[in-house]
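Let me begin by presenting the structure, written as structure tokens, before commenting on it.
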Amino acid sequence: MIIRNFNHILHGGDYNPDQWLHTPGTIDRDFELMEKAHCNTFSVGIFSWSQLEVEPDRFEFGWLDDIFERCEKTGKKLFLATPSASKPAWLAQRWPDSCRVDRAGVRDRWGARQNSCFSSPGYRERVRIVNRKLAERYAHHPALGGWHISNEYHGECGCELCRHRFHDFLRKRYGTLENFNQANWSAFWGHAITDWSQVEPFDYSTDATALDWWRFCTEVIVDFFQMEIDAVREFSDAPVTTNLMGLFPTLDYWKFAPLCDFISDDCYPTWLDGDTEREAASVSLRHDMHYTMLGKPFLMMESCPGIPNYARYPKLRRPGEFEREMLLALGHGADGTMYFQWRKGRNNCEKFHGAVVGHDGTDQTLTFRRVASYGEKLERLSGLVGAEKKPVTAVIYDWESNWAFGQCNAAGGNQVKQWEATAINHYRALWNHNIDLAVIDSEQDFSHYKLLVLPMLFLFKPGVLERLRDFVEQGGTLVATYFTGYVDENNNCFSGGNPGGAAGRELFGIWNEDFDGLQPTSRQTIVWNGRRYPVEDYAELLHLEGAESEATYGDDFYAGTPAVTRRKLGKGCVVYLGARTGMEFLNDFYGSLLKEAGVEPVLTGLPDAVRAARRSASDGSDYYFLYNLTGTEQPVNLPATMTDIWNGGEATRCVTLPPNGATVLQFKP
Ligand code: GLA
Ligand code: ZN
């Protein structure tokens with residue numbers, strides 16, 4: 001259970017009553033509408049620092065006390081935010097070093113949000129003070145559900161304090177300058193340093209330092225997050241979280257997970273035409289990752305009940321799409337779906353961002369009615385709270401590989417590199433076969449899985465190769481793609497060839513001699529099981545060293561050479577995909593591999609346009625989620641009699657999904 005003794009699927013959102021203190025009646029009206037919308041949980045105080053501490057040490061808690069009381073009376077819970085995301089003007093004025101310094105050495109002015117220096121002593125101290133005040137006051141309030149620490153942490157700062165911390169970080173990591181210089185291959189362009197203070201944080205000409213900088217930025221934020229938690233923990237033991245941003249590129253979220261009592265995420269798909277299947281797979285990937293991070297249900301903390309105003313095409317959701325989006329989260333392991341935000345503010349950059357209550361202030365809008373109807377149905381799902389997922393297939397998503405590959409001056413710009421998109425596409429092909437999936441990083445335990453997929457695991461952290469070998473020898477099936485195992489943890493290429501130097505070549509039974517960067521005009525194909533599939537962007541030249549060729553290239557001077565290889569090892573096998581293909585190949589390839597590896601879909605016999613997810617409750621029942629990815633109705637025959645719990649229906653062997661719709665079935669064996 002995310003909130004102790006609160007056996008409900010959480011439903012609600014960011015609530016900013018402090019924007020409405022001068023508009024009489026609004027908060028009363030909010031609480032009436034919250035009932036109508038079947039909402040039970042809200043996040044408050046996220047951007048309220050200057051409304052709570054109007055000047056240094058002058059606190060005004062009255063308005064927040066009132067919200068707590070109202071929630072207590074009506075049985076609602078609050079995630080109380082620590083307000084560090086947005087510092088008051090007085091703070092920046094009195095402690096200017098709370099503002100960040102950019103790459104050019106220019107200190108930012110006060111304004112905007114989520115832009116403070118995490119090393120600034122003044123800022124840290126004031127955050128500690130306000131967090132302690134909040135914790136002291138509300139720790140034992142019955143409406144407190146948990147702590148929403150800060151908001152969407154991110155960013156980097158180049159001030160003197162941060163530079164010093166970076167140098168300390170490097171000193172700790174490398175011990176000696178000699179080690180640092182070697183790791184940095186520093187004879188290249190004469191970049192040897194003779195003192196730590198010479199290291200430039202933003203010098204992206206040394207690949208190891210660039211990688212270390214991103215590691216450092218994560219470490220600094222995680223340290224700040226811990227400091228915020230510690231302040232709250234002096235008074236309160238309620239669960240803590242911080243809202244993550246899915247696959248946000250510059251933070252290694254695996255490092256945040258251990259500090260959280262539950263994971264929460266902000267998720268804003270847009271469902272543009274023609275993109276439904278990819279978008280649904282990509283949000284499922286992040287949900288699966290968030291379930292996997294702590295091996296238990298997470299919370300979709302923010303989503304948009306309308307459409308985010310910053311979307312390129314702020315398309316209104318078509319009937320069905322909203323519920324399907326919410327049920328995608330629940331089916332993949334969420335125990336709650338919440339919105340940004342409850343009520344639209346009247347000004348500033350989010351005034352047109354979809355919210356449950358619009359500027360009309362009524363319950364008459366399409367958005368409100370959808371939310372209310374969804375909220376009502378959610379009350380049928382209390383049996384889902386805490387239900388588990390038991391995936392036997394995992395996709396590795398390791399930020400350091402993204403950083404290392406992104407950093408390398410190789411093989412085209414990010415348009416071509418497409419590290420994240422590659423991970424999504426491999427996940428997507430597996431997801432298209434309706435299997436339960438985990439998304440892990442390379443430091444997690446592999447032994448729970450039968451099948452492990454490494455999309456472009458470019459960087460091998462220490463020990464990973466040995467653990468992969470172990471996984472295979474014990475009977476696992478391992479799939480790696482092009483650009484796997486090119487560099488070690490310092491972004492240094494492996495000596496002795498790819499993948500992964502001598503030990504990696506032995507594991508995969510191949511030598512990857514080089515990669516061919518393909519132009520849009522290049523023609524290359526893979527010939528697999530008698531069919532030809534197009535290849536784009538990358539094709540590697542592979543040599544067999546113990547593996548067998550499972551597919552060959554169809555064109556150009558390396559036609560007939562291996563494109564996909566397979567080696568049996570111990571009780572398992574290792575497959576290497578040497579080229580980037582489209583979805584058609586990936587769908588076919590994983591379809592056959594899943595059968596071979598003995599991975600079963602959660603439901604069989606579904607129409608092509610329907611996907612399924614499953615969660616298993618402690619009372620022995622399974623919840624099956626069905627998603628219609630098309631704008632046409634889809635009848636689905638079920639392999640057993642199930643109850644259409646979502647629509648309050650009877651036990652049945654057949655359900656019909658509305659266009660773009662979804663449903664939840666309960667199966668009690
Ligand atoms: C983020 C923030 C919210 C809000 C939404 C708008 O997720 O956390 O405060 O700005 O974006 O989409
Ligand atoms: Zn700084």
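Brief remarks on what is shown
- Listed values for region 542-557 are Karplus-derived 3J(HN,Hα) couplings in whole Hz (6.51 cos²θ - 1.76 cosθ + 1.60, θ = phi - 60°), namely 9, 10, 7, 9, x, 7, 10, 8, 9, 8, 10, 6, x, 9, 6, 5, and x replaces Gly and Pro.
- Region 175-208 and region 65-79 have Cα centres spaced 54 Å apart.
- Count Lys and Arg as plus one, Asp and Glu as minus one, and take only other residues whose Cβ is under 10 Å from that of Glu234; the net charge is then +1.
- Percent carbon-and-sulfur accessible area, region 18-122, ignoring ligands, DNA and RNA, probe 1.4 Å: 49 percent
- The mean accessible area for residues of the chain, using a 1.4 Å probe and ignoring ligands and nucleic acids, is 39 Å² per residue.
- 21 Å Cα-Cα reach of Lys133 towards lysines, excluding residues that sit fewer than 8 places from it in its own chain: Lys77, Lys87
- Share of carbon and sulfur in the accessible heavy-atom surface of region 163-319 [1.4 Å probe, %]: 55 percent
- Computed on region 610-667, the Cα convex hull volume stands at 68 Å³ per residue.
- Residue-span extension gain [Glu466 to Arg173] - 0.36 nm each, minus C-alpha spacing: 103.2 nm
- Amide H contacts for Ser264 (H built 1.01 Å from N in the peptide plane; partners 5 or more residues away or on another chain; cut-off under 5 Å): Thr242, Leu244, Leu299.
- By average C-beta atoms within 10 angstrom, highest first, the peptides 150-159, 100-109: 150-159, 100-109
- Under 5 Å, built H, 5+ apart or other chain: amide partners of Ala551: Ala563, Val564
- By the Stokes-Einstein formula, at 0.692 mPa s and 37 °C, region 53-178 with its Kirkwood radius over alpha-carbon pairs has D equal to 197 µm²/s.
- Restraint check, Lys255/Lys351; Lys255/Lys389; Lys344/Lys390; Lys377/Lys595, Cα-Cα greater than 29 Å: Lys255/Lys351; Lys344/Lys390; Lys377/Lys595
- For the chain, the mean residue ellipticity at 222 nm estimated from helices alone is -9500 deg cm²/dmol, where every DSSP H run of n ≥ 4 contributes -39500 (n - 2.57) and the total is divided by all residues, rounded to the nearest 500.
- Other residues with beta-carbon under 10 Å from the beta-carbon of Gly361 carry, at +1 per Lys or Arg and -1 per Asp or Glu, a net charge of 0.
- Using θ = phi - 60° and Karplus 6.51 cos²θ - 1.76 cosθ + 1.60, couplings along region 313-327 (whole Hz; Gly, Pro as x): 10, x, 5, 5, 5, 6, x, x, 5, 5, 4, 4, 4, 5, 6
- A simple charge model with +1 on the Cβ of Lys and Arg, -1 on the Cβ of Asp and Glu and nothing else charged puts the dipole of region 393-597 at about 480 debye relative to its Cα centre.
- Distant-in-sequence amide contacts of Leu569, defined by a placed amide H-H separation under 5 Å and a gap of 5 or more residues or a different chain, comprise Val574.
- Across region 184-201, rounded Karplus estimates of 3J(HN,Hα) from the backbone phi angles (6.51 cos²θ - 1.76 cosθ + 1.60, θ = phi - 60°) give 8, 6, 7, 5, 5, 6, x, 9, 5, 10, 10, 7, 4, 5, 7, 6, 8, x Hz, Gly and Pro being marked x.
- The chymotrypsin sites (Phe, Trp or Tyr not before Pro) of region 249-339 that meet both conditions, a loop assignment by DSSP and at most 12 other Cβ atoms within 10 Å of the site Cβ, are Tyr310.
- Based on every Cα atom in region 303-443, Rg and the maximum pairwise Cα distance Dmax equal 19.2, 55 Å.
- Rg [Å, one decimal], Dmax [Å, integer] - region 403-518, C-alpha atoms: 14.2, 40
- For region 393-597, alpha-carbon Rg and Dmax in angstrom: 15.4, 43
- With the alpha-carbon atoms of region 108-169 aligned to their principal axes, the span from lowest to highest coordinate is 45, 25, 18 Å, starting with the largest.
- Over all projection directions, the Cα-based convex hull of region 1-98 averages an area of 7.3 nm².
- When the convex hull of its Cα atoms is projected in every direction, mean area for the chain (nm²): 30.2 nm²
- Here region 393-597 has 47 percent of its accessible surface on carbon and sulfur atoms, given a 1.4 Å probe and all protein chains in place.
- Environment charge at Thr26 (Cβ cut-off 15 Å; Lys +1, Arg +1, Asp -1, Glu -1): -2
The values are calculated or read from the model by the stated rules, or taken from the named source; none is laboratory data. Remember, predicted model here, so these are calculated numbers, not experimental data. Methodologically, a virtual Cβ is constructed for each residue, glycine included, from the backbone with ideal geometry; neighbour enumeration extends over all protein chains shown. The area values use the complete protein model at the heavy-atom level, side chains included, leaving out ligands, DNA and RNA. Shrake-Rupley method; radii C 1.70, N 1.55, O 1.52, S 1.80 Å.
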